[in-house]
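Chemist: Before anything else, here's the structure in question.
The values are calculated or read from the model by the stated rules, or taken from the named source; none is laboratory data. Predicted model only: the values in this text are computed from it and were never measured. Virtual Cβ from ideal backbone geometry, glycine too; neighbours counted across all protein chains shown.
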Amino acid sequence: MIRKRLTACVLASAALAGPATTSQAQQSDFDAYLHALKAQARAEGVSEATITRMTEGLTPNMRVIELDRSQPGTPTRSGFPAVAPYIAKHVTADRIRAGRNVLASNAGTVAAIERQYGVPGEVLVAIWGKESNYGSFKGNFDLSRSLATLAWEGRRRELFASEWINLMKIADKGYSRSTLVGSWAGAFGNPQFLPSVYLRLAVDGDGDGRADIFNNRADTLASIANYFRDAGWRTGQPWGVRASIPQEFDWSRVQSRLAAPTCARVHERHSRWLSVAEWRALGVQPQRPLADSTVVSLFQPDGPGTPAWLLTTNYRVILEYNCSNYYALGVGLLADEIAQ
């Protein structure tokens with residue numbers, strides 16, 4: 001994500017204390033902060049007409065602040081919730097059925113995107129299913145209001161100020177304010193891209209000159225594929241496969257010694273990276289074909305006697321989209337079901 005430091009002095013002073021105690025004071029404080037945001041948008045080339053229509057009547061959304069402050073923090077060392085209930089809730093018969101219908105009804109488009117980007121169609125469809133239930137729920141928050149509110153509130157000011165300015169650049173392409181709605185945190189469209197991601201990776205999938213991730217299926221799927229290719233997806237390799245583990249498997253021999261710079265709580269649950277041949281020598285057997293030279297990590301989230309997987313580097317690409325083992329495993333398993 002693009003993070004630019006807003007240099008106007010008024011920016012820091014207007015929001016230094018966060019939301020004020022009265023609605024009148026809050027609005028005055030917010031207006032001063034918004035004035036600085038507008039100036040930065042102008043400096044980055046956004047038209048005055050776009051700035052005016054995207055900020056008319058803008059007020060802080062206190063519900064957005066409430067939602068942001070209620071987000072869970074870093075988990076404790078007491079353990080992780082089981083993965084199996086999450087999978088049962090999110091990889092459902094209805095979602096699988098809907099995904100298969102999407103895949104079948106867009107077969108030609110999906111095949112063309114697969115050829116261009118090298119990402120399997122079922123993975124693209126699974127992401128769409130996870131993010132917005134195949135477009136049935138994309139969020140209804142005014143993105144300009146949400147992002148301006150989050151920037152003004154100040155907890156992650158640089159991030160959300162930058163995303164608000166990027167949203168203005170998207171609006172400058174001709175999108176109306178009523179179209180630019182989404183989640184309270186600023187993600188939007190079928191794949192729930194942030195504005196910075198849209199500007200960097202959204203693509204025109206059908207040649208009409210517009211990257212419409214709101215309503216256009218080809219643009220949606222091609223944009224997700226472009227995201228995955230940019231993140232390093234390896235064509236012809238699965239995200240992972242189920243594996244069988246000996247009953248008395250010694251996990252201490254394969255514990256990872258690497259400290260991940262980001263998403264440490266996610267990656268610490270994965271083993272060392274070994275070739276499939278090396279895993280076979282340790283008694284770990286992939287349950288689907290996987291070349292002996294493929295380097296994979298072992299993952300058994302719910303402990304001994306429960307399902308385990310050998311994860312390829314493509315699993316980490318899914319984690320780039322959302323850094324959560326629950327999310328990434330859910331996407332992978334949903335994609336496998338859709339493909340059947």
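Chemist: Scan region 130-153 for residues that are without any contact (Cβ under 8 Å) to a residue 12 or more places away in the chain and β-branched (Val, Ile, Thr) and report the count. Lay out the reasoning, then the answer.
Modeler: Taking region 130-153 and keeping what is without any contact (Cβ under 8 Å) to a residue 12 or more places away in the chain, we get 136-137.
Checking the rest, the ones that are also β-branched (Val, Ile, Thr) come to none.
Counting residues in region 130-153 that are without any contact (Cβ under 8 Å) to a residue 12 or more places away in the chain and β-branched (Val, Ile, Thr) gives 0.
Chemist: Considering only residues that are within 21 Å of Gly236 (Cα to Cα) and surrounded by fewer than 18 Cβ atoms within 10 Å (Cβ to Cβ), which ones fall in region 281-307?
Modeler: Gln285, Gln287, Arg288, Pro289, Ala291, Asp292, Ser293, Val295
Chemist: Can I ask one more? Consider Ala49 against the criteria (1) surrounded by 15 or more Cβ atoms within 10 Å (Cβ to Cβ); (2) modelled with pLDDT of 90 or more; (3) in a helix (DSSP H, G or I); (4) not charged (D, E, K, R): it satisfies all of them except one. Which criterion is unmet?
Modeler: (1)
Chemist: Also: Among the residues of region 294-310, is any modelled with pLDDT of 95 or more, under 27 Å from Gly121 (Cβ atoms), over 17 Å from the mean Cα position of the chain (by Cα) and among the small types (Gly, Ala, Ser)?
Modeler: Yes, there is a match, as at least one residue in region 294-310 is modelled with pLDDT of 95 or more, under 27 Å from Gly121 (Cβ atoms), over 17 Å from the mean Cα position of the chain (by Cα) and among the small types (Gly, Ala, Ser).
Chemist: A further question follows. When only residues in region 239-264 that are among the small types (Gly, Ala, Ser) and within 23 Å of the chain's Cα centre (by Cα) count, which is modelled with the highest pLDDT?
Modeler: Going residue by residue through region 239-264, those that are among the small types (Gly, Ala, Ser) are 240, 243-244, 252, 256, 259-260, 264.
Now restrict to residues that are within 23 Å of the chain's Cα centre (by Cα): 240, 259-260, 264.
Details: Gly240: 98, Ala259: 78, Ala260: 78, Ala264: 79.
Within region 239-264, the match that is modelled with the highest pLDDT is Gly240.
Chemist: Next question. Looking only at region 245-279, count every residue that is loosely packed, with under 14 Cβ neighbours inside 10 Å, in contact with a strand residue (DSSP E or B) (Cβ under 8 Å, 6 or more places away or on another chain) and part of a helix (DSSP H, G or I) and tell me the total.
Modeler: 1
Chemist: Checking Ser196 against (1) hydroxyl-bearing (Ser, Thr, Tyr); (2) within 25 Å of Leu311 (Cβ to Cβ); (3) modelled with pLDDT of 95 or more; (4) in contact with an Asp or Glu (Cβ under 9 Å, 6 or more places away or on another chain), which test does it fail?
Modeler: The failed condition is (2).
Chemist: For region 116-191, list the helices (runs of 4 or more DSSP H) that sit wholly inside it and hold at least 3 residues that are within 20 Å of Asp212 (Cα to Cα); which are they?
Modeler: Working: elements: 121-132, 143-153, 157-171.
Answer list for region 116-191: 121-132, 157-171.
Chemist: Determine if region 173-189 includes at least one residue that is closer than 22 Å to Glu320 by Cα, surrounded by fewer than 24 Cβ atoms within 10 Å (Cβ to Cβ), among the aromatic types (Phe, Trp, Tyr) and not assigned by TED's automatic domain parsing to the domain that holds Ala32.
Modeler: Start the filter on region 173-189 by keeping residues that are closer than 22 Å to Glu320 by Cα, which leaves 182-189.
Going one step further and asking which of them are surrounded by fewer than 24 Cβ atoms within 10 Å (Cβ to Cβ), we end up with 183-185, 187.
Then drop every residue that is not among the aromatic types (Phe, Trp, Tyr), which leaves 184.
Of the ones still in play, those that are also not assigned by TED's automatic domain parsing to the domain that holds Ala32 are none.
Checked region 173-189: no residue is closer than 22 Å to Glu320 by Cα, surrounded by fewer than 24 Cβ atoms within 10 Å (Cβ to Cβ), among the aromatic types (Phe, Trp, Tyr) and not assigned by TED's automatic domain parsing to the domain that holds Ala32.
Chemist: Test Ala12 against the criterion of being modelled with pLDDT of 50 or more, of a type outside the set (Lys, Arg), assigned to a helix (DSSP H, G or I) and more than 21 Å from Gly174 (Cβ to Cβ), and give yes or no. It would help to see each step written out before you state the result.
Modeler: Working: modelled with pLDDT of 50 or more: no; of a type outside the set (Lys, Arg): yes; assigned to a helix (DSSP H, G or I): yes; more than 21 Å from Gly174 (Cβ to Cβ): yes.
Answer is no for this residue.
Chemist: Something else about it: If we keep just the residues of region 223-244 that are part of a loop (DSSP other than H, G, I, E, B) and in contact with a helix residue (DSSP H, G or I) (Cβ under 9 Å, 6 or more places away or on another chain), which is farthest from Thr312 (Cα to Cα)? If you could, list the steps in order and put the result at the bottom.
Modeler: Residues of region 223-244 part of a loop (DSSP other than H, G, I, E, B): 231-239.
Okay, now just the ones that are also in contact with a helix residue (DSSP H, G or I) (Cβ under 9 Å, 6 or more places away or on another chain), so 231-235, 237-239.
Details: Ala231: 14, Gly232: 12, Trp233: 10, Arg234: 9, Thr235: 12, Gln237: 8, Pro238: 7, Trp239: 5 Å.
Taking the candidates together, the pick is Ala231.
Chemist: Considering (1) modelled with pLDDT of 95 or more; (2) of a type outside the set (A, V, I, L, M, F, W, C); (3) surrounded by 14 or more Cβ atoms within 10 Å (Cβ to Cβ), say which one Arg97 fails and leave the rest.
Modeler: The one condition Arg97 does not meet is (3).
Chemist: Now, a different point. Taking into account only those residues within region 56-88 that are in a loop (DSSP other than H, G, I, E, B) and of a type in the set (Ser, Thr, Tyr), which is modelled with the lowest pLDDT? Break it down into steps so the answer makes sense when it comes.
Modeler: Residues of region 56-88 in a loop (DSSP other than H, G, I, E, B): 56-61, 70-82.
Now drop any that are not of a type in the set (Ser, Thr, Tyr), which leaves 59, 70, 74, 76, 78.
Numbers: Thr59: 96, Ser70: 83, Thr74: 44, Thr76: 49, Ser78: 62.
The selected residue is Thr74.
Chemist: In region 201-222, which residues are assigned to a helix (DSSP H, G or I), charged (D, E, K, R) and free of Cβ contacts under 8 Å to residues at least 60 places away in the same chain? Break it down into steps so the answer makes sense when it comes.
Modeler: Step one: filter region 201-222 for residues assigned to a helix (DSSP H, G or I), giving 201, 217-222.
Now narrow it down to the ones that are charged (D, E, K, R): 217, 219.
Across region 201-222, the qualifying residue is only Asp219.
Chemist: Across region 115-129, which residue is surrounded by the most Cβ atoms within 10 Å (Cβ to Cβ) among those that are in contact (Cβ under 8 Å) with a residue 12 or more places away in the chain and over 17 Å from Leu334 (Cβ atoms)? Step through it out loud before you land on a result.
Modeler: Taking region 115-129 first, the residues in contact (Cβ under 8 Å) with a residue 12 or more places away in the chain are 116-129.
Of the ones still in play, those that are also over 17 Å from Leu334 (Cβ atoms) are 116-118.
On the way: Gln116: 14, Tyr117: 21, Gly118: 15.
Looking at residues that are in contact (Cβ under 8 Å) with a residue 12 or more places away in the chain and over 17 Å from Leu334 (Cβ atoms), I get Tyr117.
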